[in-house]
Amino acid sequence: MKLVQLSDIHFGGENGEAVTAAGAWIRAADPDLVVVAGDITLDGKASEFDAAAAWLGALPRPMILTPGNHDTPFVGPGELWERFTHPWRRFSDRFGPEDGARWRGAGVTLSTLNTARAAQLRWNWSKGAVAKHQIRRVVRELQGAPAGDLRIVACHHPLMEVLGGPMTARVRGGVDAANRFVGAGADVILSGHIHLPFVTALPFGDGRTHAIGSGTLSHRERGAAPGFNVIEVEPGCVRVTAMAYAGGDFEAWRTWAIDRRA
């Protein structure tokens, strides 16, 4: 099975050339699933969501999405009012549930987890959070996956800080969530947010649960060219290729191979 992992496209601040080339590349690759891990827009504007929906609508199906911290309205008084009263309406009207979406294909079970918040009791609302009821739900879904399935959780913020990353996520409840998900059999946790592709093992359990982050297709680069991930699920391993935009097309920038649990 082949998955494409996108995040941080930031329509309203997207890299137009890279977005156009990425659309063509993904359509030609015809993956089994497209996963979009948040920050689809820049400022949560209706016009940005419409542009995102048009572009994503031309990509192969099935597709599953989770929002990011940029996907709530926050520019102008009217926008702020909607942020506090209906923070995810623009997302859900176009893409479905903002939390708890599920998908299952041949040998893969995936659940989404909304780590973004419209407001928090701290200064920087862009950081992530996980509620206890969300952890319980994802644990149930992971435990209920068919034996042998690759169990995937998709969220926007890395649940734990990425060593050497260009920015922090500081997810409240993130360490507890990561630990609980490992115990429930999670194999892969997909995220975005830091605009830099990475693969790292979580320091819990048998060390076989990996966090995988994808880059950005916006102008907000942080040490890597615009790009996305291609994830190939094989019986014994998961292969991750970070694709980077260069010379009008995408090429492999870095690859990882992750051994799967027996």
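Looking across THR20, THR41, one residue alone is farther than 24 Å from VAL240 by Cα, of a type in the set (Val, Ile, Thr) and at pLDDT 95 or above. It is THR41.
Once segment 2-41 is narrowed to residues that are within 13 Å of the chain's Cα centre (by Cα) and among the polar types (S, T, N, Q), the residue that is farthest from PHE74 (Cα to Cα) is GLN5.
Against the condition under 15 Å from the mean Cα position of the chain (by Cα) and free of Cβ contacts under 8 Å to residues at least 24 places away in the same chain, how does PRO97 come out, does it pass?
So PRO97 fits the description; yes.
The residues in segment 186-218 that are within 25 Å of ALA52 (Cβ to Cβ) and part of a loop (DSSP other than H, G, I, E, B) can be counted, and the count is 10.
Please verify whether PRO158 is part of a loop (DSSP other than H, G, I, E, B) and buried (at least 24 other Cβ atoms within 10 Å of the Cβ), treating the condition exactly as stated. Considered against the rule, which asks whether it is part of a loop (DSSP other than H, G, I, E, B) and buried (at least 24 other Cβ atoms within 10 Å of the Cβ), PRO158 comes out as yes. Evaluation of VAL153 against the conditions (1) in contact with a helix residue (DSSP H, G or I) (Cβ under 7 Å, 6 or more places away or on another chain); (2) surrounded by fewer than 24 Cβ atoms within 10 Å (Cβ to Cβ) shows that the sole unmet condition is (2).
Go over the candidates GLY148, GLY165 one by one and state the one that is in a loop (DSSP other than H, G, I, E, B), surrounded by fewer than 21 Cβ atoms within 10 Å (Cβ to Cβ) and over 19 Å from the mean Cα position of the chain (by Cα).
Result: GLY148 is the single residue among GLY148, GLY165 that is in a loop (DSSP other than H, G, I, E, B), surrounded by fewer than 21 Cβ atoms within 10 Å (Cβ to Cβ) and over 19 Å from the mean Cα position of the chain (by Cα).
Of all the numbered requirements in (1) closer than 30 Å to ALA21 by Cβ; (2) part of a loop (DSSP other than H, G, I, E, B); (3) of a type in the set (D, E, K, R); (4) open to solvent by less than 30 Å² (accessible area, probe 1.4 Å), LYS127 misses one, and that requirement is (1). Of the candidates GLU232, GLU251, the single residue that is at pLDDT 95 or above, of a type in the set (Asp, Glu) and either open to solvent by less than 20 Å² (accessible area, probe 1.4 Å) or under 17 Å from VAL34 (Cβ atoms) (or both) is GLU232. The single condition among (1) outside any strand (DSSP E or B); (2) of a type outside the set (Gly, Ala, Ser); (3) open to solvent by less than 30 Å² (accessible area, probe 1.4 Å) that THR241 does not satisfy is (1).
The values are calculated or read from the model by the stated rules, or taken from the named source; none is laboratory data. All of these numbers come straight from a predicted model, not from anything done at the bench. No Cβ is skipped: glycine too gets one built from the backbone with ideal geometry, and neighbour counts run over all protein chains shown. For the accessible areas, the whole protein counts, side chains as well, though only heavy atoms, and no ligand, DNA or RNA atoms are used. Shrake-Rupley method; radii C 1.70, N 1.55, O 1.52, S 1.80 Å.
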